[in-house]
1. Tell me which residues come under 5 Å, amide H to amide H, from Val187 once H is placed; ignore anything under 5 positions away on its chain.
2. Mind listing the long-range amide H neighbours of Thr40? Cut-off is under 5 Å, sequence gap 5 or more, other chains count too, H placed in the peptide plane at 1.01 Å from N.
3. For Trp280, Trp171, what's the largest-to-smallest order of accessible area, 1.4 Å probe?
4. For Lys309, list long-range residues whose amide hydrogen, built 1.01 Å from N in the peptide plane, is under 5 Å from its own amide hydrogen.
5. Over what distance in Å are the Cα centres of region 73-131 and region 268-292 separated?
6. Per DSSP helix of 4 or more residues, -39500 (n - 2.57); summed, then divided by the residues of the chain. What does that give at 222 nm, rounded to the nearest 500?
7. If we sort 121-128, 265-272 on the protection proxy, mean other Cβ atoms within 10 Å, highest first, what's the order?
8. Can you run phi through the Karplus equation (6.51, -1.76, 1.60; θ = phi - 60°) for region 348-353 and list ³J(HN,Hα) in whole Hz, with x for Gly and Pro?
Amino acid sequence: MHPDRPTIQVLSPRTWGEFGNYLAATRFSRALRTAVEAETALLEAEPILPWLGEAGAEIRTISLTSPDAATRTERYMGLMGRLQERFPAGFEAAPTPAQRAAIAPLTAHLARTAPDVVVGTKGFVARLCVAAVRLSGVRTRVVSHVTNPGLLQLPLHRSPYPDLTLVGFDWARDRLLADCGGDPARVRVVGPLVAQHDLRDFMTAGAAQETGGPEAPWGGDDDPERPRLIVFCNRGGDIYPELVRHIADTHPDTDLVFVGYDDPGLAHRAAAGAARLAHWRFHSRLTQTQYFDYIDRAARSPHGLLISKAGPNTTLEAAYFGIPVLMLESGLPMERWVPGLIHEHGLGRACAGPEELLRTVDDWLTRPAAIEAHKKAAVSFAESVLDQDAVTARIGDAVRPLLEAR
């Protein structure tokens, strides 16, 4: 710790959005450490405001137990509506006694630590920080880092009050300014950050029993033409074991790795549908060695493919590595923009339901040239949009003036 250096706190809820939001915060923190001269600390929001964790637990329950996309959307929007009632638009400027009490631990934390800049990696967290800074009397500047621009459609996550808001795309900036106003100079387009190898922080050894040892090769041979599929599921659902059974029955000549993230039961159910294919691999977590090997082999294969839900982080990371995606729409409103991204840039396909997903798997594995075409598009998109050095430099250019003005 250098007492003469400015300080930045990145405040992120780990429980909102599975591991995706905290993963994005981890990547953002590392970008800040590269781009600006400051002591940067990444903090979980839940130990400071435990009720954020309660909301995060409800989000997880909604994601895992909703029987269909429509129900998932209805339940999620109900939760967002209740939070919006507690913290309506503009509350940051003049919090009520109830609101002051709710954010009192955050106010005390900022008064005690007095960072030069605090970053909220959810718009809602940034709004809470704006109010807490005003109540604490510190001169901390507040930055809202929009990790998922789809959240800007929810009033809970947008505000004109942060000193700086960072977004990944031009359309996100336009939408934010159109919906809530504010100073255009305070909203900067920096481009999307991609987790890259940071995913290793969330995929560690020590999970339940897996099929295949940690050194087991992927597939029965090294045929470069052999389709290599990664099925990644961080929210449960019967469709994924069903998909694995279907591929095992109709396309057994593929290589397949299944990751039921932090869900050993799901991984075992999926494995049961392909017990005769001993070269397929099933995990609820991955070692770093396994993860890098799987990503590398899928990226080097002309017919590598990632199958998952249509989340922004997963989609962008796959594109970064040049891996086409076949996605299932999640039904969550903040992810509705992702299918448009996939289709606009030819990154793969987002399917509205399980039937379309199964049909597309059959189509692409029957004529793998379709996968090859999407791979070329993903590589082109990564080269033109996902230059992480350029994104990091833009983040530094945007945040540095806040530190210099301290």
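The values are calculated or read from the model by the stated rules, or taken from the named source; none is laboratory data. Since this is a predicted model, take the numbers as computed values, not measurements. FYI the Cβ positions are ideal-geometry reconstructions off the backbone, even for glycines, and counts take in every protein chain you see. Protein only, heavy atoms only, side chains kept; ligands, DNA and RNA dropped before computing areas. Shrake-Rupley method; radii C 1.70, N 1.55, O 1.52, S 1.80 Å.
1. Thr165
2. Distant-sequence amide H within range of Thr40: Ile8.
3. Greatest to least solvent exposure: Trp171, Trp280.
4. Result for Lys309 returns Asn234, Leu328.
5. 41 Å
6. Here the helix-only value at 222 nm equals -14500 deg cm²/dmol.
7. Descending packing order for the listed peptides: 121-128, 265-272.
8. x, 8, 10, 9, 6, x
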